[in-house]
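Engineer: Just passing along the structure, written as C-alpha cells.
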Amino acid sequence: MRIAMIGTGYVGLVSGVCFSDFGHDVICVDKAAEKIEMLQAGKVPIYEPGLDVLMAKNVAAGRLTFTTDLAAAVDGADAVFIAVGTPTRRGDGHADLTYVMAAAGEIAEALTGYTVVVTKSTVPVGTNRKVHEAVLAANPNAEFDVASNPEFLREGAAIDDFMRPDRVVVGVESERAGQVMGEIYRPLYLRDFPIITTDLESAELIKYAANAFLATKITFINEIAGLCERAGGDVKEVARGIGLDGRIGNKFLRAGPGYGGSCFPKDTAALARIGQDHAYPMQITETVIRVNDGVKGRMIEKIRDVCDDKFNGKTIAVLGVTFKPDTDDMRDAPSLTIVPALIGSGARVRVVDPQGRAEGETLLPGVEWMDDPYEATKGADAVVILTEWNEFRALNLTEMADAMNTARMVDLRNVYSPAMAESAGFETYVGVGIGN
C-alpha cells in the first residue's frame, strides 16, 4: 500500500516509520522545511528509543521518504493519514482543529483517485464528518472515504505499542474503506492482535474515554496517597493490594506529582468540553482535572516543609523535568508548575535531565542545568526526584548525602524508601503516600 502521512510530529513520525516497517511505501509530509531536511539527513527531531534505528532501516530499504510537497505525496496514495497537532484551544478547552481542517483542504485539492482520508490526530466526536465535508467542499468530484484511526502510543514505548498493540481502532462507513484499512493493518491481523472496526463517532470517543479513564486512575491513587499521609499507610502497598484485583489492574496506580504530557491534560479538557457542548457534563472528568491541578500544589508544599518552610536562599537539586522518563516531552509536565514555584520564592535550582534540557532551557528560565546528579546535589539543601529516569534509580545515596549541605530528599516518584535513604545518611526523606 502507498501511504502519505501528513505531519511529522510524535504521532505522525512514529506511525509513518512503523507503517514502512510493515512493508508499505510511506511518504511523510511536513510544512517545516528544516524538520524535513533533518529527517532526510537521517536525524530524528524527537527522542523516542529505537526510532532512529528503525527509521534508518526503512529509509535504506526505499520504503520511507520525507517531503514538504503534500500534493506529490497524496497523488496516487491509497490512504492519507492526518497526524497534525490538536492542542487545547485557549479560552474554552476545545481541541483546536485548525491544522486538521487545513490539512483536509489541502489533501482534497491533491486527490487524483480513490483514497481513504484517515484522521490519526486525536479529535472530538463529529470531526471526521467535518473532514468529509471539508474535502467535498474543496473538491466536489473527489472519490474518497473518511476513516478514524486514533493512536494509543505511550511516549518512551511507542514502537512496541505500535507493533504489539492492545488493540487497533478503525472507524469507517464503507466496506471499501474498511478493506483498505484492513490491508494496511494486515501484518497485525495475521499476528492476532485485536482490530476493532466500528463507526466514526465510536472510534473518536474510544480515544477520549481511554485517556480520561487512565487519568482518573492516576488521580484516584494520588488522592489515596494524600489520605495515606494523613491516616497512616503506604500507598505502594495499597496500590499493590488493589492492583492485584483483576477488575482493577495494576497499571497507572503509581502515586506521584500528577499526570502531564501531550495527551492526558488536553484530552481530559476536550472531553469535559464535549460533555458541556452536548449538555451532558462529564462530572468525573471535570473532578479529575481539578484534583490533578491540586496535586502539584501539594508537591510544592512537601518541598517547602523539607526546606524549613522557606525556599529563599535554599539550593535545590531537581532530578528530572520531563513528564515521564524515556522522552524529551515537556508538555504539561509537573515540573512546569513546581520548578517555577521554587525559583519564584527565591530558591536556587539546579536541574539534571537526560533529555529535557533542549525544551527546558526555554520553558524553565532561571535554572542551572547540569549533567551529573552528584555535581548538582553538592552543597544543596535538598534534592527532589521529579522524573524516574533509570539514571536516578541506582544513585550512590551515601555519596550524595555526604556532599549535601543538608541531606534531605523529596522523592516524588517513590524511587527509594525511607529506610534506604536513612541508612545512606539522609536526615530527611519524604515520599508520596507514606504515612508517619
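Engineer: Would you kindly give the portion of the calculated P(r) for the chain that falls above 27 Å, as a percent of all Cα pairs?
Structural biologist: Within the chain, distances greater than 27 Å cover 57 percent of Cα pairs.
Engineer: Among DSSP beta bridges whose residues both lie in the chain, state the antiparallel percentage, nearest 5.
Structural biologist: Expressed as a percentage, antiparallel bridges in the chain total about 5.
Engineer: Let me ask something else. Take every Cα pair under 8 Å in the chain that's 6+ residues apart, average their separations, divide by the length, and report that relative contact order as a whole percent.
Structural biologist: The value is 12 percent.
Engineer: For every helix of n ≥ 4 consecutive DSSP H residues, a contribution of -39,500 (n - 2.57) applies; sum these over the chain, divide by its total residues, and give [θ] at 222 nm rounded to the nearest 500 deg cm²/dmol.
Structural biologist: Using -39500 (n - 2.57) per qualifying helix, the result is -13500 deg cm²/dmol.
Engineer: Arrange the peptides 253-260, 65-72 so that the one whose residues have, on average, the most other Cβ atoms within 10 Å appears first.
Structural biologist: 253-260, 65-72
Engineer: Let me spell out the model: positive unit charges on the Cβ of Lys and Arg, negative unit charges on the Cβ of Asp and Glu, origin at the Cα centre of segment 2-198. What dipole size does that give, in debye rounded to 20?
Structural biologist: Dipole magnitude for segment 2-198 comes out near 240 debye.
Engineer: Report the equivalent ellipsoid semi-axes for segment 1-95 in whole Å, largest first, defined as the square roots of five times the eigenvalues of the gyration tensor built from alpha carbon atoms.
Structural biologist: 22, 16, 12
Engineer: For segment 201-357, what is the largest minus smallest coordinate of the Cα atoms on each principal axis, given in angstrom and ordered from greatest to least?
Structural biologist: For segment 201-357, the Cα extents along the three principal axes come out at 54, 33, 30 Å.
Engineer: Please go through the residue pairs K130/K207; K207/K251; K120/K266; K236/K378; K207/K324; K35/K296 and name each one whose alpha carbons sit more than 22 Å apart in this structure.
Structural biologist: Table pairs above 22 Å Cα-Cα are K236/K378; K35/K296.
Engineer: Highest mean first, how do 11-18, 219-226 rank when packing is the count of other Cβ atoms within 10 Å averaged over residues?
Structural biologist: Highest to lowest by the protection proxy: 11-18, 219-226.
Engineer: Treat every Asp and Glu Cβ in the chain as -1 and every Lys and Arg Cβ as +1, leave all other atoms uncharged, and give the resulting dipole magnitude about the Cα centre to the nearest 20 debye.
Structural biologist: 680
Engineer: What percent does the relative contact order of segment 286-380 come to when contacts are Cα pairs within less than 8 Å and at least six residues apart?
Structural biologist: On the way: 131 pairs, mean separation 27.4, N = 95.
Contact order relative to length: 29 percent.
Engineer: Could you tell me what percent of the DSSP beta bridges with both partners in segment 232-436 are antiparallel, to the nearest 5?
Structural biologist: Approximately 5 percent, going by the DSSP bridge assignments.
Engineer: What ranking do 187-193, 175-181 get when scored by the average of other Cβ atoms within 10 Å per residue, highest first?
Structural biologist: With the highest mean Cβ count within 10 Å placed first, the list reads 175-181, 187-193.
Engineer: Among V180, A71, A347, which residue has its Cα furthest toward the positive end of the charge dipole of the chain, with +1 on Lys/Arg Cβ and -1 on Asp/Glu Cβ?
Structural biologist: Projecting each Cα onto the dipole axis, the largest value belongs to A347.
Engineer: Taking the dipole about the Cα centre of segment 121-235, with the C-beta of Lys and Arg at +1 and of Asp and Glu at -1, give me whichever of G126, L153, T219 is farthest to the positive side.
Structural biologist: T219
Engineer: Sorted from largest down, give the three principal axis spans of the alpha carbons of segment 2-198, whole angstrom values.
Structural biologist: 41, 39, 38
Engineer: I need the P(r) histogram for segment 317-436: all alpha carbon pairs, bin width 10 Å from 0 out to the longest distance, whole percents.
Structural biologist: Binned Cα distances yield the sequence 14, 49, 32, 4.
Since every read-out is calculated from the coordinates, none of them should be taken as a lab result. All of these numbers come straight from a predicted model, not from anything done at the bench. Ideal geometry is used to build each Cβ from the backbone, glycine not excepted, and the neighbour counts take in all protein chains shown.
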